[in-house]
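A short write-up of the structure that comes next.
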Amino acid sequence: APSRLLIRGGRVVNDDFSEVADVLVEDGVVRALGRDLLPPRGPPSGLRVLDAAGKLVLPGGIDTHTHMQFPFMGSQSIDDFHQGTKAALAGGTTMILDFAVPQKGGSLIEAFETWRSWADPKVCCDYSLHVAVTWWSDQVKEEMKILVHDKGVNSFKMFMAYKDLYMVRDLEMYAAFSQCKEIGAIAQVHAENGDLIAEGAKKMLALGITGPEGHELCRPEAVEAEATLRAITIASAVNCPLYIVHVMSKSAAKVIADARRDGKVVYGEPIAASLSTDGTHYWSKEWHHAAHHVMSPPLRPDPSTPDFLMNLLANDDLTTTGTDHCTFNTCQKALGKDDFTKIPNGVNGVEDRMSVIWEKGVHSGKMDENRFVAVTSTNAAKIFNLYPRKGRIAVGSDADIVIWDPKATRFKKGGIRHFQIPRLQIVNHIVTISAKTHHQAVNFNIFEGMVCHGVPLVTISRGKVVYEAGVFSVTAGDGKFIPRKPFAEYIYKRIKQRDQTCTPTPVERAPYKGEVTTQKSRVT
Ligand code: URP
Ligand code: ZN
Ligand code: ZN
Ligand code: ZN
């Protein structure tokens, strides 16, 4: 296959501006960007030309939050690092950030190496790993430092939920956040009050509520909002940058928006699910339909939630998007047939996120194409210190690129509309999301039936066309682990400013009346 690509005549969209330009790709990186890069005599041999006229040329999506083949709740998520990353590419996502999660008492470094040994031979797109802090000790503290210095990790997730399994308490979070600050990492939290959830679940089961609706009823919005505010308060006390994963409710999003207005360095990550569907499914009469929506924090029954979160994402109250892709088939979900607390938590999205956010964000008129790139790629690259290698189409950046159809049209009855690009026919039609046609392993799709007008046509991963016209050309292990350095400039500039402006100094006071002041003690 030719090692050089010329993407011709498309509209190149970055987070800050768009321009019609050709993109020359060589050896996996963007070599040149400009008008009319094609020599007048035509393409030299070894140069493949992709005509992107009328289409958008976007930085590949970065999914900030996935759990491929995650051993969790007595099961293991069904999309592994192979199928999950292939599905990502089909949806226009060229990088995922997954989570290495040690057991309580277990080594963080061992967990990290275990996840790498699973992912490295299987991944079809580039990836990085966040590491979870599920308990606290001097060993954990030391391992965090080693992970940052030697292993390319700069983000650590703390669970405030999953009592007994992963939950950490305030003092442990305080210690972990302090260490994050010290070593130049960003703290991430799963913000839900684990004690209240455990009590709520007992109450629901005692009332005879054993179905999936109990999952939401035992952990309402306030449980998420309270933990969000608590995490922000603790992070603020040590002036550590904080990233709230999977923002699911209006209440939690408002807490984040307020904190940002106060100048706190906090970021919120809504997910494809919370931006486009709601918790009314938990009341579905079909058990498996309801169970397939079970994730934590839950989707919210308030049907105005997705629009609300999308508005906040559009105006920078929320910053990035992930999916929390953590999929379980119906038979796995059935572990909780008689008790909702045993339903493995997690939903799909790694393939769907880009089109779903285009549909609900851009097609609906809430955000423009530049904000779309910011929230699906660039902001994640900046926060997790991958920028500008990832998250931007610029000379020298990795050629992780998606040719995007922003206005796919409904194909005509009896035939599929194609448009012609040299030596390639691309199917050009609206995508209706369905488990019948998606590339994710899971046998259900929470976005089933959603019509999407923004569609990836060609996905390029480090300079290689890996997906086009519904066909993959990628091999397990083609993706690479991308190490991340500490102290992302994007956030640490602000943390340093706050260190200066927020550090109090003691007040010089006159002695109490009658207080004996010994000159000596003052002088020493
Ligand atoms: O339900 C969820 N979110 N499953 C994955 C684990 C987590 O909490 O992110
Ligand atoms: Zn979580
Ligand atoms: Zn439903
Ligand atoms: Zn997760």
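Bear in mind these aren't lab numbers, they're just calculated from the coordinates by the rules spelled out. Quick caveat: nothing in here was measured; it's all calculated off a predicted structure. Cβ atoms come from the backbone with ideal geometry, glycine included; neighbour counts cover every protein chain shown.
For region 254-360, state which trypsin sites (Lys or Arg not before Pro) are in a DSSP loop and have at most 16 other beta carbons lying within 10 Å of their beta carbon.
Sites meeting the loop and neighbour criteria: Lys285, Lys337.
Taking a ≥ b ≥ c as the square roots of the eigenvalues of the Cα gyration tensor of region 113-212, is the shape rounded (a/c under 1.5), prolate (a/b larger than b/c) or oblate?
Here region 113-212 falls in the oblate category.
State to the nearest 20 debye the size of the charge dipole of the chain about its Cα centre, where the only charges are +1 on K and R beta carbons and -1 on D and E beta carbons.
For the chain, the charge dipole is close to 960 debye.
Once phi is turned into ³J(HN,Hα) by the Karplus curve 6.51 cos²θ - 1.76 cosθ + 1.60 with θ = phi - 60°, what whole-Hz value does each residue of region 53-66 show in order, with x for glycine and proline?
For region 53-66, the Karplus curve yields 3, x, 10, 9, 10, 10, x, x, x, 10, 8, 6, 7, 9 Hz.
If you fit an axis through the alpha-carbon atoms of helix 108-119 and take the longest principal axis of the Cα set of the chain, what angle between them do you get, 0 to 90°, nearest 10?
Tilt relative to the chain: about 10 degrees.
For the Cα atoms of the chain, what angle does the longest principal axis make with the long axis of helix 194-206, in degrees from 0 to 90, nearest 10?
Taking Cα atoms only, the helix is inclined about 80 degrees.
Find, among the trypsin sites (Lys or Arg not before Pro) in region 1-46, those assigned to loop by DSSP (not H, G, I, E, B) with at most 13 other beta-carbon atoms within 10 angstrom.
In loop regions of region 1-46 (DSSP not H, G, I, E or B), the sparsely surrounded trypsin sites (Lys or Arg not before Pro) are Arg35, Arg41.
Where does the longest stretch of the chain lie that holds no chymotrypsin sites (Phe, Trp or Tyr not before Pro) found in a DSSP loop with 16 or fewer other Cβ atoms within 10 Å?
Between exposed loop sites, the widest span is 18-410.
Quick one: which residues, 5+ away or cross-chain, put their amide H under 5 Å from the amide H of Val347? H built at 1.01 Å from N.
The list, which skips near neighbours in sequence, is Cys326.
So for Thr64, Thr228, Thr505, fewest C-beta neighbours within 10 Å to most, what's the order?
Thr505, Thr228, Thr64
Restricting to DSSP loop positions (anything but H, G, I, E, B) with no more than 13 other Cβ atoms inside 10 Å of their own Cβ, which trypsin sites (Lys or Arg not before Pro) remain in region 186-246?
Of the trypsin sites (Lys or Arg not before Pro), not one in the loops of region 186-246 has a Cβ with at most 13 other Cβ atoms within 10 Å.
Given a Förster distance of 22 Å, report the FRET efficiency between Asp170 and Lys493 from their Cβ-Cβ distance, rounded to the nearest 0.05.
0.20
Roughly how many whole Å is it from the C-alpha centroid of region 12-30 to that of region 68-117?
Taking the Cα centre of each part, region 12-30 and region 68-117 sit 30 Å apart.
Which angle between 0 and 90 degrees, to the nearest 10, do you get for helix 489-502 versus the longest principal axis of the chain when only C-alpha atoms count?
It works out to around 20 degrees.
With point charges of +1 on the Cβ of Lys and Arg and -1 on the Cβ of Asp and Glu, referenced to the Cα centre of the chain, which listed residue (Ala90, Leu217, Ile433) lies farthest in the positive direction of the dipole?
In the chain, that residue is Ala90.
Would you pull out the residues with amide H under 5 Å of Met367's amide H, same chain only if 5 or more places away, H placed 1.01 Å from N?
Hits under the 5 Å cutoff: Val362.
For region 181-210, list residues with backbone N below 18 Å from a point placed 7 Å from the Cα of His149 toward its Cβ?
Residues 181-186 qualify, since their backbone N sits under 18 Å from the label point.
What FRET efficiency would be calculated for the residue pair Ala435, Glu113, taking the C-beta separation as r and a Förster radius of 30 Å, to the nearest 0.05?
The pair Ala435/Glu113 has a calculated efficiency of 0.30.
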